[in-house]
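Data block below; observations after.
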Amino acid sequence: MTAVCVMVLGTTSGAGKSWLTTALCRHYARQGMKVAPFKAQNMSNNARVVGGPGGALGEIGSAQYFQALAARAEPEVRMNPLLLKPEADTRSQVVLMGQVSEELSTMPWRGRSEKVWPAITAALDALREENDVVVIEGAGSPAEINLHASDIVNMRIARHAQARCLLVTDIDRGGAFAHLYGTWALLPADERALIKGFVLNKFRGDATLLAPGPQMLQDLTGVPTVATLPMWGQHGLPEEDGVFDDRTLASGAVQTTIAVIAWPRISNLDEFQPLKNVPGVRLVWARTPADCAGADWIVLPGSKATVADLAWLRAQGLDQAVAEHAALGGAVLGICGGLQMLGEALIDTHGIDGNAPGLGLLPLVTAFDPQKTVRHTQARFSALAGPWSALSGVETAGYEIHHGQTAQHPAMAAKGDVAREVIPGLAWQNAAGNVLGCYLHGLFEDPRVLHALFGASAPTLESVFDGLADFLQSHVEPGVLDALIQPD
């Protein structure tokens, strides 16, 4: 079996590539086909733990993880062979086939492409041999002419797979026809030939008012506009690239306001998506102390640059906001990097992240370690006090991705100031019971945790995936999706 490849390209970042790829994965899976997603290179600090060669666990971008679930496939590292995790504006940790590569992380960006290309094509070719359809997601725009020579994620992949490509644009931004035409025009002739359809995404209003634009565009390019997708308020998938919606309110009167600190290198923010759909919960992305005013919970999320984000937190005055909230008995939750910040000190003897004093809300110390912890984890909370008592005895499952190990601060422990270890080696609570730190990602994706904390549940991923496929099918021109996978 050699899979047909359908590829989703975008005129810009944020055009809608990720959710459209997810919808296509579920659409073809519902036709009884064996489907896999693929993205050659993803740049994101949202990552998931999946299987790799020889049973080793590794990381892929969260978008490909969800796309695999939509395809009814087991997520694995071949689906995103290269993951770049930004640590600063000019530096990223490079993850190849699920594993951190120090060599690639220190290599000049332009010199990296040829080094990784064999691994990328091998992963794609292997997926093609095992599936009926591979749905490929591009990155950014395929018409970045300054990057074309070193491209490994857009048209070079499309040519390698002879993919049938859809080019999607965000019409809500304005200039959609120019974006589509300009992208097409900047591609070489052999790459233009792979573009089989244009997609207008996030359209508001009466689609008949677009005429004669689509036909004029087709006359210029020979490419039809195959779908006009209406603006969709909440498709149910987390954002791929960052925090875009500042405030989210689910149905019902507000009972709990949760402020999640949105520092610059926030990681795994997708794990908060279920909170957007819990009745009575108001989710706020906090960048200033004012954003935390009136919050019931303050959450310190994961970070790809813990010490740098801790410095940013202090520069914004958010450290005081968190301390004052905790002093008044307000609930504070730290997850992974957020847990590390809650302690007394962060110690780095290996040049991983840096040294810094912590916020001092838990009597813990974290030592950064070159060895990265990447694993699935199942655990049970022991008895908890205070606002987190509802989690007492709750079993949960999630994943860990972190450098560093955390333990009781020896000097403070000697004085009797200890944190209660509520999951061995993974979670601690302060004596007052209102501050909880945990290494486990994915808590709010576990229905058992949501039910314990809120007595409620969020929509299942299966319903989200089916909703995406239904939405796509109802707005694509008849026959287009079937035609994309027909033999030449």
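Across the stretch 319-364, which residue is farthest from Ala390 (Cα to Cα) among those that are open to solvent by 30 Å² or more (accessible area, probe 1.4 Å) and among the aliphatic types (A, V, I, L, M)?
Only one residue tops the list, namely Ile352.
Within the stretch 132-172, track down each residue that is in a helix (DSSP H, G or I), of a type in the set (D, E, K, R) and in contact with a Leu (Cβ under 9 Å, 6 or more places away or on another chain).
Residue satisfying the conditions is Arg159 alone.
In this structure, is Gln405 part of a loop (DSSP other than H, G, I, E, B), at negative phi and not acidic (Asp, Glu)?
For Gln405, the condition - part of a loop (DSSP other than H, G, I, E, B), at negative phi and not acidic (Asp, Glu) - is not met.
Condition first: over 21 Å from Gln316 (Cα atoms), in contact (Cβ under 8 Å) with a residue 12 or more places away in the chain and buried (at least 22 other Cβ atoms within 10 Å of the Cβ). Can you find one or more residues in the stretch 287-303 that meet it?
Looking through the stretch 287-303, none of the residues is over 21 Å from Gln316 (Cα atoms), in contact (Cβ under 8 Å) with a residue 12 or more places away in the chain and buried (at least 22 other Cβ atoms within 10 Å of the Cβ).
Taking the condition out of contact with any Ser or Thr (no Cβ under 9 Å at 6 or more places or on another chain), of a type in the set (A, V, I, L, M, F, W, C) and within 19 Å of Ala367 (Cβ to Cβ), does Val307 pass? It would help to see each step written out before you state the result.
Values: out of contact with any Ser or Thr (no Cβ under 9 Å at 6 or more places or on another chain): yes; of a type in the set (A, V, I, L, M, F, W, C): yes; within 19 Å of Ala367 (Cβ to Cβ): yes.
Spelling it out, Val307 is indeed out of contact with any Ser or Thr (no Cβ under 9 Å at 6 or more places or on another chain), of a type in the set (A, V, I, L, M, F, W, C) and within 19 Å of Ala367 (Cβ to Cβ).
So, of the residues in the stretch 173-198 that are under 13 Å from Thr228 (Cα atoms) and touching a helix residue (DSSP H, G or I) at 6+ places or on another chain (Cβ under 7 Å), which turns out to be surrounded by the fewest Cβ atoms within 10 Å (Cβ to Cβ)?
Looking at residues that are under 13 Å from Thr228 (Cα atoms) and touching a helix residue (DSSP H, G or I) at 6+ places or on another chain (Cβ under 7 Å), I get Phe177.
Of everything in the stretch 19-37 that's in a loop (DSSP other than H, G, I, E, B) and of a type outside the set (Lys, Arg), which residue is most open to solvent (accessible area, probe 1.4 Å)?
Gln31
Considering each residue of the stretch 302-329, count those that are closer than 14 Å to Leu359 by Cβ and either aromatic (Phe, Trp, Tyr) or not in a helix (DSSP H, G or I) (or both), and give that number.
The total comes to 4.
If you check Lys196 against the conditions, is it over 26 Å from the mean Cα position of the chain (by Cα) and either assigned to a helix (DSSP H, G or I) or modelled with pLDDT of 95 or more (or both)? Can you show your working first?
Details: over 26 Å from the mean Cα position of the chain (by Cα): yes; either assigned to a helix (DSSP H, G or I) or modelled with pLDDT of 95 or more (or both): yes.
For Lys196, the condition - over 26 Å from the mean Cα position of the chain (by Cα) and either assigned to a helix (DSSP H, G or I) or modelled with pLDDT of 95 or more (or both) - is met.
Quick check, is Arg314 without any contact (Cβ under 8 Å) to a residue 12 or more places away in the chain and basic (Lys, Arg)?
Answer is yes for this residue.
Answer yes or no as to whether Arg159 is surrounded by fewer than 19 Cβ atoms within 10 Å (Cβ to Cβ), touching a residue at least 24 places away in the same chain (Cβ under 8 Å) and farther than 20 Å from Asn42 by Cα. Don't jump to the end; show me each part of the working.
Numbers: surrounded by fewer than 19 Cβ atoms within 10 Å (Cβ to Cβ): yes; touching a residue at least 24 places away in the same chain (Cβ under 8 Å): yes; farther than 20 Å from Asn42 by Cα: no.
Judged against the criteria, Arg159 is not a match.
Condition first: under 22 Å from Asp89 (Cβ atoms), open to solvent by 10 Å² or more (accessible area, probe 1.4 Å) and assigned to a loop (DSSP other than H, G, I, E, B). Now tell me which residues in the stretch 263-280 satisfy that.
Listed by number, the residues that qualify are Pro264, Arg265.
If you take the residues in the stretch 395-421 that are among the hydrophobic types (A, V, I, L, M, F, W, C), within 31 Å of the chain's Cα centre (by Cα) and open to solvent by 20 Å² or more (accessible area, probe 1.4 Å), which one is nearest to Ala305 (Cα to Cα)?
Ranking the qualifying residues of the stretch 395-421, first place goes to Ala407.
The values are calculated or read from the model by the stated rules, or taken from the named source; none is laboratory data. As the structure is a computational prediction, the values presented were derived from the model and not from experiment. All Cβ positions, even for glycine, are placed from backbone atoms using ideal geometry, and neighbour counts span all protein chains on display. In case anyone asks, the SASA skips ligands and DNA or RNA and just uses the protein heavy atoms, side chains included. Shrake-Rupley method; radii C 1.70, N 1.55, O 1.52, S 1.80 Å.
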